[in-house]
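Asks: Got a structure here, written out as C-alpha cells. Questions coming.
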Amino acid sequence: MRIAIFGASGTTGQLLTERCLAAGYGVTALLRTPETFPLKASVRTLQGSIFDPTAIADTLEGSDAVLSALGARSLRKEDILERAIPLITAAMQGQGPQRIIALGSAGALPTSLDKQPAWRRWIVQHLVYTTVLKYPIASQIAQYATLSASPLDWTMPMPPMLTNTPARGTYRIDPEALPRNGSRISRADVADFMIAQLTTSQWSRRGVYLSW
Ligand SMILES: NC(=O)c1ccc[n+]([C@@H]2O[C@H](COP(=O)([O-])OP(=O)(O)OC[C@H]3O[C@@H](n4cnc5c(N)ncnc54)[C@H](OP(=O)(O)O)[C@@H]3O)[C@@H](O)[C@H]2O)c1
C-alpha cells in the first residue's frame, strides 16, 4: 500500500510517516522544504505547495490512501485547511484514492462539548474556542464541512490538546462528543489511531473524538 501524506513534516505528520514506514507502506509526501525532512531518505518526496492542484495530483499518483496532518503553524488566520482540504478532496474524486484520514480537532462541531461538565463547557467555549483558538477552530469547522460534503471515504479524528508524550495505547473513542473531562491525548496515540484507520472502515464518513 502507498500512502500520500500531507503535512508529513509536522510533529504528528512525522509520527504518521514513521508508522507507515514501519508497517511496510510506501509514502509520498508533498513538502515545502523536502531537504530538511528527517525521513526524506525513506520517502518519495515532492517539493511544492499544498495550494497547487498539480502538486497535489502528483502526490496522489499511485497512492492508495491519504493521511493529512496539515495545520497552521500559528494561531493567526492562515486558512490552511480552508484552502488545502477542498483541493485535496477534489483531486481525489477523479481517479485518485478514495480513503482520507484527516486530523481534525474537538470544536469542529457544535456538539463537541456536550459531554463536558457545565463549568468546563462554558470555559472552553467562551474562553478558548472563541478567543485564543478562534482561527484554528474555524479551520476545523471548514475541514469537517468539506469532508462531509465530499463523496469520499473520510474519517476525521477530533482530539483535544495534543501532547508530545509517548503513546499510552489506551484512550477513549467517542463518535458523539469529546469524552467527559477529556482534555489531552498524545500525538503518538492519535497517529496510531490514524494508521489503524487505513485498514478499517469502522469510522468511515464521520468525525470521531479521541481523548485520554
Ligand atoms: N496543537 C494541538 O494541541 C492540537 C489539538 C488538536 C488538533 N490539532 C490539529 O492537529 C494538526 C497537526 O498538528 P501538529 O501540531 O502535528 O502540526 P504542526 O507540527 O504544526 O505541523 C503542521 C504541518 O502543516 C504544514 N503546513 C503549515 N502551513 C503550511 C503551508 N502554508 N503550506 C504547506 N504546509 C503547511 C507544516 O509544513 P511545514 O513543516 O512546511 O511548516 C506541517 O507539515 C493541526 O491541524 C491542528 O489543528 C492540534
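Asks: Which one of the conditions (1) part of a helix (DSSP H, G or I); (2) buried (at least 17 other Cβ atoms within 10 Å of the Cβ) does I3 fail to meet, given that it meets all the rest?
Replies: Among (1) part of a helix (DSSP H, G or I); (2) buried (at least 17 other Cβ atoms within 10 Å of the Cβ), the lone unmet condition for I3 is (1).
Conditions (1) modelled with pLDDT under 95; (2) touching a Lys or Arg at 6+ places or on another chain (Cβ under 8 Å); (3) under 24 Å from D79 (Cα atoms); (4) within 15 Å of the ligand (Cβ to nearest atom), marked per residue:
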{"site": "P136", "(1), (2), (3), (4)": "no, no, yes, yes"}
{"site": "S148", "(1), (2), (3), (4)": "no, yes, yes, no"}
{"site": "M156", "(1), (2), (3), (4)": "no, yes, yes, yes"}
{"site": "S183", "(1), (2), (3), (4)": "no, no, no, yes"}
{"site": "A188", "(1), (2), (3), (4)": "no, no, no, yes"}
{"site": "A196", "(1), (2), (3), (4)": "no, no, no, no"}
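Asks: I'd like the full set of residues that are more than 12 Å from the ligand (Cβ to nearest atom), within 15 Å of the chain's Cα centre (by Cα) and over 15 Å from T17 (Cα atoms), limited to the range 57-81.
Replies: None; the set is empty.
Asks: Could I ask something else about it? Which pairs turn up if I take residues in the range 50-75 that are more than 15 Å from L30 (Cβ to Cβ) and look for partners that are among the acidic types (D, E) and surrounded by 14 or more Cβ atoms within 10 Å (Cβ to Cβ) with beta carbon separation below 6 Å, at least 6 apart in sequence or on another chain?
Replies: Correct list of pairs: A72/E78.
Asks: What number of residues within the range 19-44 are acidic (D, E) and buried (at least 18 other Cβ atoms within 10 Å of the Cβ)? Give the derivation first.
Replies: First, the residues of the range 19-44 that are acidic (D, E): 35.
Those still in the list that are buried (at least 18 other Cβ atoms within 10 Å of the Cβ) too: none.
Residues that pass the stated criteria total 0.
Asks: Tally time: how many residues in the range 34-55 are aliphatic (A, V, I, L, M), under 21 Å from R83 (Cα atoms) and more than 11 Å from the ligand (Cβ to nearest atom)? If you could, list the steps in order and put the result at the bottom.
Replies: If we filter the range 34-55 for residues that are aliphatic (A, V, I, L, M), which is where we start, we get 39, 41, 43, 46, 50, 55.
From what is left, the residues that are under 21 Å from R83 (Cα atoms) are 46, 50, 55.
Filter again for more than 11 Å from the ligand (Cβ to nearest atom), leaving 46.
Qualifying residue count, the range 34-55: 1.
Asks: Report, by residue number, each residue of the range 127-147 that is closer than 16 Å to S183 by Cα and not hydrophobic (A, V, I, L, M, F, W, C).
Replies: Residue satisfying the conditions is Y129 alone.
Asks: Which ranges mark the helices (runs of 4 or more DSSP H) fully within the range 48-137 that have 3 or more residues being loosely packed, with under 14 Cβ neighbours inside 10 Å and hydrophobic (A, V, I, L, M, F, W, C)?
Replies: Working: elements: 53-60, 80-92, 118-123.
Qualifying helices (runs of 4 or more DSSP H): 118-123.
Asks: Moving to a separate point now. Please find, within the range 6-18, the residue that is nearest to the chain's Cα centre (by Cα) out of those that are surrounded by fewer than 21 Cβ atoms within 10 Å (Cβ to Cβ) and either of a type outside the set (S, T, N, Q) or assigned to a strand (DSSP E or B) (or both).
Replies: Going through the range 6-18, the residues surrounded by fewer than 21 Cβ atoms within 10 Å (Cβ to Cβ) turn out to be 10-11, 14, 18.
Now restrict to residues that are either of a type outside the set (S, T, N, Q) or assigned to a strand (DSSP E or B) (or both): 10, 18.
Numbers: G10: 11, E18: 16 Å.
Of everything passing the filter in the range 6-18, G10 is nearest to the chain's Cα centre (by Cα).
Asks: Which of the residues that make up the range 170-212 are of a type in the set (A, V, I, L, M), outside any helix (DSSP H, G or I) and exposed (fewer than 15 other Cβ atoms within 10 Å of the Cβ)?
Replies: Of all residues in the range 170-212, those of a type in the set (A, V, I, L, M) come to 173, 177-178, 185, 188, 190-191, 194-196, 198, 208, 210.
Subset that is outside any helix (DSSP H, G or I): 173, 177-178, 185, 208, 210.
The one that is of a type in the set (A, V, I, L, M), outside any helix (DSSP H, G or I) and exposed (fewer than 15 other Cβ atoms within 10 Å of the Cβ): I173.
Asks: Out of the residues in the range 162-197 that are within 16 Å of the chain's Cα centre (by Cα) and free of Cβ contacts under 8 Å to residues at least 24 places away in the same chain, which is farthest from L21 (Cα to Cα)?
Replies: Applying the filter and picking the extreme gives D189.
Asks: Return the pair list, or none, for Cβ contacts closer than 9 Å from residues in the range 144-159 that are assigned to a loop (DSSP other than H, G, I, E, B) to residues that are away from the ligand (no atom under 16 Å from the Cβ) and hydrophobic (A, V, I, L, M, F, W, C), at least 6 apart or on different chains.
Replies: S150/A90; S150/M92; L152/M92
The values are calculated or read from the model by the stated rules, or taken from the named source; none is laboratory data. These figures come from a predicted structure and were not determined experimentally. With ideal geometry, Cβ positions are generated from the backbone for all residues, glycine too; neighbour counts draw on all protein chains shown.
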